[in-house]
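To keep things clear, I will list the structure first and then write my remarks on it.
FYI, it's all coordinate maths here, none of it is from the lab. Keep in mind that what you see is a predicted model, and the values were worked out from it rather than measured. As a convention, Cβ positions derive from the backbone with ideal geometry for all residues, glycine included, and neighbour counts pool all protein chains shown.
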Amino acid sequence: MSKFSRIEVATVMASNGLVPLFYHPDIELGKKVLKACYDGGARLLEFTNRGDYAHEVFSVLNKYAMEELPEMIMGVGSVTDAATASLYMQMGANFVVTPVLREDIAVVCNRRKILWSPGCMSLTEIARAEELGAEIVKIFPGGQLGPGFVKAIKGPCPWTSIMPTGGVSPTQENLAAWFDAGVTCVGMGSKLISKEVLKNKDFEGLKTTVRQTLQIISDLKNKH
């Protein structure tokens with residue numbers, strides 16, 4: 001069972017503005033990454049469904065978060081079918097992010113009132129996702145679509161809440177481009193939790209980067 005409702009998740013996504021993305025098979029390393037993000041102020045983390053037995057790693061990390069990091073909202077990304085979404089929901093996933101628009105995933109998530117954010121690449125896909133109940137729509141790949149795409153979508157559809165993933169980095173210039181275009185939040189993976197951070201186990205550095213990124217986002221949000 002999820003700990004947080006989809007309304008709570010959507011609210012935190014909008015207020016925090018940052019969804020870190022992470023996958024690593026090493027559970028102890030994962031715990032340290034989680035804690036660094038949490039101590040830096042992040043309140044969401046999207047665990048990427050990538051490697052073999054990834055669901056088992058997620059299960060342990062989610063239990064750790066529930067016990068040690070009570071405000072951390074754990075979700076899962078890179079989900080491409082309803083069965084996988086259901087598996088992760090059974091392990092307490094609080095939200096499901098997909099690289100594609102799949103109506104079968106919408107059905108199983110809505111049945112359990114779990115927030116789902118489908119990857120879309122056109123206004124037609126975005127409109128269909130919203131008809132299926134998506135509160136926050138992921139645009140993917142963000143790096144190829146860019147902030148200009150978001151601005152164009154928000155013109156005729158100002159009610160649409162958008163989360164770009166891919167092409168987002170923790171710099172003032174990059175974040176300003178996205179938030180000025182009207183995104184609700186951003187998903188950020190290797191540009192935030194880099195290979196260097198993991199290799200050097202620089203968790204203090206990660207905590208600082210997360211804190212600085214959240215401050216930039218907060219300042220940008222206060223402008224609008």
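Things to note:
- So Val197, is it buried (at least 16 other Cβ atoms within 10 Å of the Cβ), closer than 21 Å to Ser117 by Cα, out of contact with any Phe, Trp or Tyr (no Cβ under 6 Å at 6 or more places or on another chain) and among the aliphatic types (A, V, I, L, M): no
- Qualifying residues in the stretch 130-141 (those that are out of contact with any helix residue (DSSP H, G or I) (no Cβ under 8 Å at 6 or more places or on another chain) and either among the acidic types (Asp, Glu) or in a helix (DSSP H, G or I) (or both)) - the one farthest from Val186 (Cα to Cα): Glu131
- When Pro170 is tested against (1) in a helix (DSSP H, G or I); (2) in contact (Cβ under 8 Å) with a residue 40 or more places away in the chain, just one condition goes unmet, and that condition is (1).
- Within the set Val210, Val183, the sole residue that is of a type in the set (Val, Ile, Thr), surrounded by 15 or more Cβ atoms within 10 Å (Cβ to Cβ) and touching a Gly at 6+ places or on another chain (Cβ under 8 Å) turns out to be Val210.
- Just one of the numbered conditions (1) under 18 Å from Leu192 (Cα atoms); (2) buried (at least 17 other Cβ atoms within 10 Å of the Cβ) is not true of Asp39: (2).
- Condition met for Val107 (assigned to a loop (DSSP other than H, G, I, E, B), in contact with a helix residue (DSSP H, G or I) (Cβ under 9 Å, 6 or more places away or on another chain) and either among the hydroxyl-bearing types (Ser, Thr, Tyr) or touching a residue at least 24 places away in the same chain (Cβ under 8 Å) (or both)): no
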